[in-house]
Amino acid sequence: LLSYRESKGCRVIHKGGPMRQVVRALKQRQPVGILADQASRQGIFVELFGRPAQVATGSFKLARTYGAIILPTFIRRVRGPYHHMVFEPPIDLAAKVSAPAGGTQAESSDQLIRSGIDQFVTRLTRHVRQDPSQWLWMHHRWKRTPVRRCLVLSDGKAGHRKQSLAVIEGLRGRFPQLTTHVIEVR
């Protein structure tokens, strides 16, 4: 896949690779493609399909710093080797913002980045909902979410259910936002 991309003129910089190449490209007003739907420890939590998920802020901070727009692009396989690309309206983080009363310019910039991420996630969610079969995350998307869910399959015996719920209460100390759903299996 990488050699195919590079044969078409793209230069692939691997995650964790030399950031100066990305910065140089942005300074030269060249396009840079970044997979912005990946989880990141350096990300911020946003609502994604009803649960908080970490979204990387790096591409949004780069766009803000270097005056680049973010052009959300989604691709869907139509059939065989044919694909349909959708270019969403750009997200412009270069807009001038004034510092809020009692706040700092950095806070305004952070708010603008947050707004850009929210716009992107709204569009991402819409595309995934349109056709979930087209989406593939190779990582555990909600690995670091503070909201955990627990499903109890109950066989109808009070003692079994009580034991399961006791374990969940033990987990609640580690995951305060743990939600529980009990299903009776017959």
All positions within region 127-147 that are open to solvent by 60 Å² or more (accessible area, probe 1.4 Å) and within 22 Å of ARG174 (Cβ to Cβ): HIS140, LYS143, ARG144
Check on GLY156, more than 25 Å from GLU47 (Cβ to Cβ), modelled with pLDDT of 80 or more and part of a loop (DSSP other than H, G, I, E, B): yes
Set ALA39, ALA53: member being touching a residue at least 60 places away in the same chain (Cβ under 8 Å), surrounded by 11 or more Cβ atoms within 10 Å (Cβ to Cβ) and in a loop (DSSP other than H, G, I, E, B): ALA39
Options LYS15, LYS61, LYS27: the member that is of a type outside the set (S, T, N, Q) and modelled with pLDDT under 80: LYS15
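Taking the conditions exactly as written (loosely packed, with under 12 Cβ neighbours inside 10 Å and under 24 Å from SER115 (Cβ atoms)), does ARG20 satisfy them or not? Steps first, please.
On the way: loosely packed, with under 12 Cβ neighbours inside 10 Å: yes; under 24 Å from SER115 (Cβ atoms): no.
Against the criterion (loosely packed, with under 12 Cβ neighbours inside 10 Å and under 24 Å from SER115 (Cβ atoms)), ARG20 does not qualify.
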Pair list, Cβ under 8 Å, 6 or more apart: region 1-30 residue at negative phi, other residue open to solvent by 100 Å² or more (accessible area, probe 1.4 Å): VAL12/ARG5; GLN21/ARG11; ALA25/PRO31
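The values are calculated or read from the model by the stated rules, or taken from the named source; none is laboratory data. Values in this document were obtained by computation on a predicted structure and should not be read as measured data. Note that each Cβ is placed from the backbone with ideal geometry, even for glycine, and that neighbours are counted across all protein chains shown. All accessible areas refer to the heavy atoms of the entire protein, side chains included, with ligands and DNA or RNA removed. Shrake-Rupley method; radii C 1.70, N 1.55, O 1.52, S 1.80 Å.
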